[in-house]
Structure formats: C-alpha cells, structure tokens
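What follows is a set of notes on a single structure, which appears directly below.
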Amino acid sequence: MNFKSRLATAGIILSVAFGCNQNTDKDTSGLDSTGADSSMTARDAEAETKTQDFIQSLPSPIHVARIFQRAGLKYISGITNPAANSSKYMSPYSKSINLGIYTTDLSYCTFNDQSQEAISYFKAVKTLTDGLNLTSIFESTNMVPRFERNIGNKDSLVTLMATMSMESDILLKQTSRLDIAYLSFAGAWIESAYIATQMLKNKRNPDILKRLLDQNNSLGKLIALLKDYDDKQEFDALIASLSDVKTSLDVLNSENTTTHEEEFKKLVTKVEKLRNDRVNDN
Amino acid sequence: MKKIFFILTIAIASFGQSAFAQCSDKTIKKLCKEGLGTYIFESAAFKPLSAFGAKKNLVEAAFSVYSQESYRVLNLCQGFSDVVEFAIYDTDHNLLFSNKSDKSVKFYDFVAQKSGDFTIEFKIPPADMKSTSCCVAFAIGYK
C-alpha cells in the first residue's frame with residue numbers, strides 16, 4: 001500500500017468515525033422532510049442561550065395527567081380528541097400540537113383504565129411522531145406490540161409511556177428540535193386544562209381546581225419559550241390565546257375572590273375555544 | 001510503519017467518539033434508566049461543558065415541581081476529573097441538599113412542599129473548566 005492509499009484509508013476511517021454522530025443527528029432530526037425551515041435549528045440554539053444555562057425544564061404531560069387523576073379527575077366518555085383524526089393533521093405545526101393533545105388523551109385513558117381507547121391513542125401518537133420524522137422513538141424499543149401485549153396492566157402501560165416520553169424528550173433535545181417540543185407541550189397543556197375545566201364546569205372539585213391553578217407556572221414558562229418563534233403567524237396566534245388563558249389563571253390565583261366565579265366561566269370558554277381550534281386545525 | 005499509521009488513525013478516531021459520547025442520547029438514556037430506579041422519567045437536560053463558555057464555574061438550571069409530589073433529581077454529569085458537586089434549592093431558594101460533604105451521592109429524593117420552580121446548581125471542578133469532553137447533565141424522576 002503506497003502513501004496515497006494509506007492516506008485514503010485513514011481518511012475513510014476518520015470520516016466514518018467522526019461522521020457517525022453527525023449522521024445520527026441528521027437522520028433523526030429529518031428537518032428537511034418535515035418542512036420545518038432550516039433557520040429553526042439556529043434559532044433553537046439562540047433560544048437556549050437566552051434562558052439561563054439550560055432551557056427551562058417543563059413537566060411531563062404524563063405526570064400532569066397523573067396529578068389530575070390523583071386529584072379526582074374521572075373519565076368522561078367522548079371528551080378526548082378522536083384518535084381517527086390523527087391522519088388529518090398535515091402541517092408540522094398541527095402535527096406537533098396534536099401530538100401533545102394525544103399524549104394527554106393517552107395518559108388520561110390509561111390512568112382511567114380505558115385500555116382499548118389507550119391503544120388507539122398510542123397509535124395516534126405514533127402516527128404523528130412518524131409524520132414529524134421522530135420514528136426512532138417507537139422503533140428503537142418496539143413499543144406498539146409491547147403496549148398491546150400489556151393491555152390491562154396499568155403499571156406496565158405507564159412504564160411504556162414513560163419510556164416513550166424519555167425517548168421523545170431526549171431525541172428532541174439532542175437534535176435541537178425544540179419547536180416541536182414546545183408545541184407538543186402546548187398541546188398537552190391545553191388538553192389537560194380542557195379536560196379539567198369540562199369536569200369542573202359541571203362539578204366543582206377543590207383539589208382539581210387547585211391542580212388546574214398550579215398549571216399557571218408551566219404556562220408562564222411555555223409562553224416565554226414560544227416567544228422565540230413569535231414572528232411566525234401560527235405561533236403568534238397561539239401565544240396570544242395562551243396569554244389570554246393565563247390572564248384568567250392569574251385572576252383565579254389572586255387573593256381577591258369576588259370575581260372568581262365570573263372569571264372561571266371566562267376561563268372555560270377561552271380553553272374550549274383554544275382547544276377546539278387546535279383539534280380542528282389541519 | 002503501516003501498523004503505526006493504522007493504530008494512530010484508530011486512536012484519533014476513538015478519541016473523537018468518546019468526546020461525543022459523553023453527551024450522547026444513548027449515554028443519557030442508559031444513565032437515566034440505571035439511576036432513576038423506581039422513579040418515572042420526567043425530563044432530562046444535557047449539554048457539553050464547552051457550550052457554557054470557558055470561564056463558567058457554576059451551571060444553573062430550573063425545573064418545575066408540584067406540591068406533595070415525590071421527585072428524584074439525578075446528577076448525570078460525565079467525563080469530569082472529579083465528581084461534580086451539586087446543590088438543590090426549593091421554590092424560595094432555600095438550600096435543600098448538597099453533596100459537598102459526600103460527593104459520591106449522585107441523587108436527591110424529596111417531596112415538594114409547594115408548587116413552583118426548584119433550582120439545581122453544578123459546581124464545575126477548576127481542573128475541567130477548559131475540557132472539551134465533559135458533559136453537564138441531570139434528570140428528574142417522579143413517583
């Protein structure tokens with residue numbers, strides 16, 4: 001082997017070794033095929049540096065659903081977004097938001113022992129993650145068959161949902177696809193607030209109301225994080241609607257209780273509109 | 001000569017891989033599964049130390065908690081010459097925990113008294129401040 005051949009061999013070994021990580025990132029991010037613009041990654045990096053040393057950590061939608069369930073949130077048939085709608089969401093924006101909505105619906109059904117519905121929502125979540133080129137979340141752990149095999153075993157289903165949540169959280173951060181992470185969290189936040197307010201408007205449960213008011217903190221964080229994308233019309237509209245909901249939660253969290261009843265009715269209406277607009281947005 | 005050239009190439013390539021591996025998704029997932037025990041994954045955050053700038057000796061992050069919920073905070077810092085010291089502050093910024101007296105402790109379990117934001121601080125060992133292979137990382141679990 002002459003010097004040129006050795007150099008070429010060394011070059012191939014080095015490019016494979018160093019290129020692996022870059023290729024992994026590229027393959028799993030798939031930004032091009034989702035239609036997300038290429039400036040998004042640079043913007044994500046900028047967003048990260050703006051907020052302390054790490055990006056603000058948001059709670060897991062599965063944990064939030066669990067907290068509501070512990071507070072007494074019961075299953076109401078027909079309240080969730082039908083899983084069959086998952087195929088109609090076309091834009092990365094509507095896919096991301098409804099991914100969060102379905103994650104909450106999946107958790108809500110699982111914690112309330114609605115196994116068959118839970119399977120439908122697990123598949124709906126997979127449809128949307130595939131559509132966003134996040135296929136590896138399900139593929140790496142062969143999750144759908146495992147979920148189906150464990151129907152009726154709530155603990156196992158919760159473990160599988162937590163695995164899905166970990167795969168998703170780490171993948172989105174590793175590939176700097178924070179726009180999807182924030183929109184998905186927004187969808188999950190909206191759906192959990194929707195289910196809680198629908199129950200509260202019929203029957204007041206102080207524990208559920210307390211947990212709903214607790215969501216004001218994560219909503220404030222979410223709005224701040226979304227503001228890095230407010231030059232996009234759909235983000236701007238979402239921020240405006242979420243801020244309007246936050247205004248009501250601020251009032252309900254205040255010590256002045258004289259306007260609470262009226263404000264609660266406003267909150268229910270705002271959350272209904274916010275949620276139904278996103279569910280019906282293709 | 002041929003052998004030396006080959007070994008050198010493999011050595012350089014391996015070094016590159018291990019530097020990347022510290023903050024890789026696979027490493028973080030493996031450490032989460034091992035360290036969270038019976039706690040359920042809530043979220044993780046990770047960044048190479050170099051991303052914070054060369055003079056950063058204290059790295060800070062905030063995470064949300066809900067009252068009466070049980071949490072585990074897991075220190076997943078990797079690649080440092082010594083165990084990284086970490087401290088946790090509650091919603092009113094009272095110090096709840098520090099592993100200063102026993103650096104081998106890598107997690108802290110607690111029940112949140114109030115809903116709000118907790119803070120975690122990592123003290124970077126001076127010897128590692130210019131390192132390119134260290135990863136600052138943590139995970140949160142709940143029950």
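Calculate the mean, over all residues of peptide A:151-164, of how many other protein chain Cβ atoms lie within 10 angstrom of the residue's Cβ. If you can, show how the numbers build up before the last one.
On the way: counts 0, 0, 0, 0, 0, 0, 0, 1, 2, 0, 2, 7, 4, 1.
The mean count of partner-chain Cβ atoms within 10 Å per residue comes to 1.
Once the cut-off is 15 Å, how many percent of the Cα-Cα pairs in the stretch A:104-168 end up in the long-distance tail? Don't skip to the end; give the middle numbers.
Numbers: 893 of 2080 pairs.
I get 43 percent for the Cα pairs in the stretch A:104-168 exceeding 15 Å.
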Could you work out, residue by residue across A:167-179, how many beta carbons of other chains sit within 10 Å of that residue's beta carbon, and then give the average as an integer? 3
Counting other Cβ atoms within 10 Å, keep those with at most 16, restrict to DSSP loop, and tell me which GluC sites (Glu not before Pro) in the stretch A:221-282 are left. A:Glu255
Over the residues of the stretch A:51-125, compute the C-alpha Rg and express it relative to 2.2 N^0.38 Å. 1.22
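What ranking, highest mean first, results for peptides A:72-80, B:43-51, A:186-194 when packing means the other Cβ atoms within 10 Å averaged over each residue? It would help to have the intermediate numbers written out before the result.
On the way: A:72-80: 14.2, B:43-51: 21.2, A:186-194: 26.4.
Highest to lowest by the protection proxy: A:186-194, B:43-51, A:72-80.
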If you place +1 on the Cβ of every Lys and Arg, -1 on the Cβ of every Asp and Glu, and leave all else neutral, what size is the dipole of the stretch A:45-193 about its Cα centre, to the nearest 20 Debye? 280 debye
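Sort A:218-224, A:264-270 for me by packing, meaning the mean count of neighbouring Cβ atoms within 10 Å per residue, highest on top.
On the way: A:218-224: 19.0, A:264-270: 17.4.
Top to bottom by mean Cβ count within 10 Å: A:218-224, A:264-270.
First check a/c for the stretch A:51-202, with a ≥ b ≥ c the square roots of the eigenvalues of its C-alpha gyration tensor; if it is under 1.5, answer rounded, and if not, answer prolate when a/b is larger than b/c or oblate otherwise.
Numbers: a/c = 1.43, a/b = 1.19, b/c = 1.20.
Rounded, because the longest to shortest axis ratio a/c is under 1.5.
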Just from the alpha-carbon atoms, what are the Rg and Dmax of the stretch A:173-282 in angstroms? 14.3, 48
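Evaluate the Kirkwood expression for the hydrodynamic radius of the stretch A:209-274, namely the inverse of the mean inverse distance over all pairs of different C-alpha atoms, and round to one decimal in Å.
12.4 Å
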Inter-chain Cβ neighbour average for residues A:213-221, partner chain, 10 Å: 3
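From the protein chains alone at 1.4 Å, what is the descending order of accessible area for A:Met199, A:Met161, largest first?
Details: A:Met199 25, A:Met161 0 Å².
Largest to smallest exposure gives the sequence A:Met199, A:Met161.
Return the loop-located chymotrypsin sites (Phe, Trp or Tyr not before Pro) in the stretch B:64-140 (DSSP other than H, G, I, E, B) with at most 11 other Cβ atoms within 10 Å of their own Cβ; answer none if there are none. It would help to have the intermediate numbers written out before the result.
On the way: sites: B:Tyr66, B:Tyr71, B:Phe80, B:Phe86, B:Tyr89, B:Phe97, B:Phe107, B:Tyr108, B:Phe110, B:Phe118, B:Phe122, B:Phe138; in loops: B:Tyr66, B:Phe80.
In loop regions of the stretch B:64-140 (DSSP not H, G, I, E or B), there are no sparsely surrounded chymotrypsin sites (Phe, Trp or Tyr not before Pro).
List the relative contact order of the stretch A:65-141 as a percent without decimals, with contacts defined as Cα pairs under 8 Å and 6+ residues apart. Intermediate values should be presented prior to the final figure.
Working: 65 pairs, mean separation 27.1, N = 77.
Over the stretch A:65-141, the number comes to 35 percent.
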Ignoring ligands and nucleic acids, chains B and A bury, in total, an accessible area (1.4 Å probe) to the nearest 100 Å² of about 4000 Å²
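The values are calculated or read from the model by the stated rules, or taken from the named source; none is laboratory data. Nothing here was measured: the structure is a model prediction, and the numbers come from that model. Counting neighbours? That spans all protein chains shown, and the Cβs are built from the backbone with ideal geometry, glycine included. Accessible surface is based on the protein model in full, side chains and every heavy atom, while ligands, DNA and RNA are left aside. Shrake-Rupley method; radii C 1.70, N 1.55, O 1.52, S 1.80 Å.
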